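Peer 1: Pasting a structure below so you can have a look.
Computed from the coordinates by the stated procedures, all read-outs in this text should not be read as laboratory data. Computed from a prediction, not measured in an experiment: that's the story for all the values here. Every residue, glycine among them, receives a Cβ derived from its backbone with ideal geometry; neighbour counts consider all protein chains shown.
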Amino acid sequence: YPHGPKLKVLDEAIDMDIYYPRNTEMLRNNLGIDGSKLIISCVVPYDGSPNDRKGGRFFIELARRFENDSRYVFIHVGYRNKNKEDLPSNYIPIGYIYDQNLLAEYFSIGDLFVFPSLLDTMPNACLDALACGTPLLCFDTSGMPYIASQDVGTFVDPRNIDSMSKVIQATIKKSPAVIDRCRQYALKRYD
């Protein structure tokens, strides 16, 4: 309609004044992680339930695959399972975080942010991670492949732990250029 209303599609908006790249040196020290380690992070609720649609079990399996490789540490925010036995030694379970500034530090700390969900149309955790300067690794399903371009996100077949492992093996320490690229992408689409 030439004289009708103009429609514009807007992406989800996030608070860029809270979610921005943070200095994570103190958080690393508090967690006992030395600066040489590659940090693979994840923020999804996980209570051990078989109805784990957010994929926390996949993240634990990833950590298990790298348990004998001392270069990697896996941080999982949202771990609410009372059972902490038999977790991989390179896996740090963190409960629910209510403080958004602290949460932004956890989004910033990773060299790679893994979001192993199978059913999310617009995963805000991924948008927050990008705003904090951290590139993504997600399953190529639901809304995940639409949230980021290939230069800030990698998308693999759902449930494919082998493909996720290959991406992690190719991960290097996050550089200022990568942080800036992720941040600028988030500012352009999600501010």
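Peer 1: What length, rounded to one decimal in nm, is gained on full extension from ILE97 through to GLU25, with 0.36 nm per residue of separation minus their alpha-carbon distance?
Peer 2: Length difference between fully extended and current span is 24.1 nm.
Peer 1: Are there chymotrypsin sites (Phe, Trp or Tyr not before Pro) in region 45-151 that DSSP marks as loop and that have at most 14 other Cβ atoms within 10 Å, and which are they?
Peer 2: TYR96, TYR98
Peer 1: On to the next question. ASN83 to SER149: extension gain in nm, 0.36 nm per residue of separation minus the Cα-Cα distance?
Peer 2: 20.1 nm
Peer 1: Just flag the GluC sites (Glu not before Pro) in region 1-90 sitting in loop per DSSP whose Cβ has no more than 10 other Cβ atoms within 10 Å.
Peer 2: GLU85
Peer 1: Let me ask something additional. At ASN51 and LEU7, where each label point lies 7 Å from the Cα along Cα→Cβ, what is the point-to-point distance in nanometres?
Peer 2: 3.4 nm
Peer 1: Report the calculated FRET efficiency for SER36 and ALA177 (r = Cβ-Cβ distance, R0 = 22 Å), to the nearest 0.05.
Peer 2: 0.65
Peer 1: Okay, next question. Hey, can you grab everything whose amide H is under 5 Å from the amide H of ARG80? Only 5+ residues off in sequence or another chain; H modelled, so Pro and N-termini drop out.
Peer 2: So ARG80 has HN proximity to TYR46, ASP47.
Peer 1: Can you compute the helix-only [θ] at 222 nm over the chain? Use -39500 (n - 2.57) per DSSP H run of at least 4 residues, normalise by all residues, nearest 500 deg cm²/dmol.
Peer 2: Helices in the chain give a 222 nm mean residue ellipticity of -9000 deg cm²/dmol.
Peer 1: Where Rh is the Kirkwood radius over the Cα pairs of region 1-68, the temperature 20 °C and the viscosity 1.002 mPa s, what D in µm²/s does Stokes-Einstein return?
Peer 2: Approximately 128 µm²/s, per Stokes-Einstein.
Peer 1: Bin width 10 Å, alpha-carbon pairs only: give the P(r) of region 38-191 as whole percents, running from 0 to the bin holding the largest distance.
Peer 2: Histogramming region 38-191 at 10 Å steps yields 12, 45, 37, 6, 0 percent.
Peer 1: Percent relative contact order of region 61-155, based on C-alpha pairs within less than 8 angstrom and at least six residues apart?
Peer 2: 20 percent
Peer 1: Please list the equivalent ellipsoid semi-axes of region 136-191, computed as the square roots of five times the alpha-carbon gyration tensor eigenvalues, in descending order and whole angstrom.
Peer 2: 21, 16, 5
Peer 1: Give me the Kirkwood hydrodynamic radius of region 101-182 in Å, from all C-alpha pairs, to one decimal place?
Peer 2: 12.6 Å
Peer 1: So, one more: May I ask you to list the trypsin sites (Lys or Arg not before Pro) in region 25-129 that are in a DSSP loop and have at most 14 other Cβ atoms within 10 Å of their Cβ?
Peer 2: Hits after loop and neighbour filter: ARG53, ARG71, ARG80, LYS82, LYS84.
Peer 1: Something else about it: List the residues whose amide H sits under 5 Å from the amide H of TYR91, counting only those 5 or more places along or on another chain, with H placed 1.01 Å from N in the peptide plane.
Peer 2: Result for TYR91 returns PHE74.
Peer 1: A further question on this structure: Averaging sequence separations of C-alpha pairs under 8 Å and six or more residues apart, then dividing by the length of the chain, give the relative contact order as a whole percent.
Peer 2: 24 percent
Peer 1: Return the Cα extents of region 11-116 along principal axes one, two and three, sorted largest first, each rounded to a whole Å.
Peer 2: Projected onto its principal axes, the Cα set of region 11-116 covers 38, 34, 24 Å.
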